[in-house]
Amino acid sequence: LNITPVPKWALITVAVAGAILLLLFLICIIKCCCTKKKPRKKERISLCTVSNPTTINLVQPEMEDLERAVEQKRRGKLQYSLEYNFRMQELKVGVKQAVELKAMDSGGTSDPYVIVYLTSDRKKRYETKVYRKTLNPIFNESFTFQVQIKANDVFLVPSRIYDFNRFSKHDIIGEVRLPLASVDLQHVIERWSDLVVASKVEEEHLGEICFSLRYVPSTGKLTVLILEARQLKRMDSDGLSDPFVKVHLILNRKKWKKKRTSVKKNTLSPYFNEVFVFEVPFSQIQNVDVVISVWDHDKVTKNEPIGKLLLGCRATGNQLRHWSDMLSNPRRPLAQWHILQPPEVVDKALALKSHLKLPLHSR
């Protein structure tokens, strides 16, 4: 070091740098020897290269199948019973309860009710009460049909569950369709069935009507406001109708008072906005039925009824619910849409006695 003309500090720096390089080289050798080689990545399988359609379906189902599966699921189950009296030729259908119904409202619940009818007589139909904000309603209601069941007959008993909506069309949650020919009616039957998507075959649609009810007990005034109707049945040859509405009050099953709206020409969705006020003492409100009927006006022939509704304590389904809401909220007008029913069904439910106009005196 004393002979070499290079400075002492430079030689020390070179020695340290060489030592560091040697150490790094040794570390790299040890790492390469100890680390296992990674296997090559497998090639991805492209669905385009697979020619077998069965394999494709197993890997990726069709979107239509997925939508159909989702549509079928989560509709819930319905418990019902059947009992047939061969001597009286009466079929008793019991609607027990439903569980895990599909939520139809934004709040994650539904307002379910059930409609029961026979396909042999679609005009004869029954409705249960409406149960608010529940997916597990307990109905416990029964309905009786007069029907003669033969060995070769195939009757269906559709039990269709709806979600009630006051200001829009009621949504169908699902239905149960049961062929009676496949059921042994010698014994009482009670079972659970899964709800399925409702069939597109519907009973004749007569239309819908919206009206409000208001009752003031202190003055005994019943106010009926006929607002509008929509999708009425076509009654004229030109595909339209000339609708008007009648409001009848029935007291103790006898015709009492009536009023009617003006006629709306050439329309299936008339707007009325006409109000009628009836004097009904509080002592008689439980004995009064209100019949709201939509008619087609005809100058040449007799006016024809399109559909009717029965409201009051003897009503059922949505009509009874509307009437009960009115009595529970005095002085408050309550509006609601209703589906028109066949005139003969309402007339049969009324079972009117011989016409006699009764004077009614307030006490």
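Quick check on my filter: what residues within the range 310-351 are assigned to a loop (DSSP other than H, G, I, E, B), loosely packed, with under 14 Cβ neighbours inside 10 Å and modelled with pLDDT under 85? Result: Ala351, single match.
In the range 208-219, the residues that are under 26 Å from Tyr271 (Cα atoms) reach residues that are open to solvent by 50 Å² or more (accessible area, probe 1.4 Å) and among the β-branched types (Val, Ile, Thr) with C-beta atoms within less than 7 angstrom, at least six apart or across chains, in these pairs: Glu208/Ile339.
Reported count of residues in the range 220-241, each being of a type outside the set (Gly, Ala, Ser), open to solvent by less than 10 Å² (accessible area, probe 1.4 Å) and either out of contact with any Leu (no Cβ under 9 Å at 6 or more places or on another chain) or without any contact (Cβ under 8 Å) to a residue 12 or more places away in the chain (or both), is 1.
Of all the residues that make up the range 256-283, how many are in contact (Cβ under 8 Å) with a residue 40 or more places away in the chain and open to solvent by less than 40 Å² (accessible area, probe 1.4 Å)? Of the residues in the range 256-283, 8 are in contact (Cβ under 8 Å) with a residue 40 or more places away in the chain and open to solvent by less than 40 Å² (accessible area, probe 1.4 Å).
Within the range 218-237, the only residue that satisfies the criterion of being of a type in the set (A, V, I, L, M) and at pLDDT below 85 is Met235. Selection of the range 179-217 for residues being crowded, with 17+ Cβ neighbours inside 10 Å and at pLDDT below 80 yields Leu180, Ala198. If we scan the range 110-117, do we find a residue that is more than 30 Å from Gln146 (Cβ to Cβ) and at pLDDT below 90? The answer is yes; a qualifying residue exists.
When restricted to residues that are modelled with pLDDT of 85 or more, open to solvent by 70 Å² or more (accessible area, probe 1.4 Å) and not in a strand (DSSP E or B), the range 90-109 contains 1.
The values are calculated or read from the model by the stated rules, or taken from the named source; none is laboratory data. Source: prediction; values computed, not measured. Note that we place each Cβ from the backbone using ideal geometry, even for glycine, and neighbour counts take in every protein chain shown. For the accessible areas, the whole protein counts, side chains as well, though only heavy atoms, and no ligand, DNA or RNA atoms are used. Shrake-Rupley method; radii C 1.70, N 1.55, O 1.52, S 1.80 Å.
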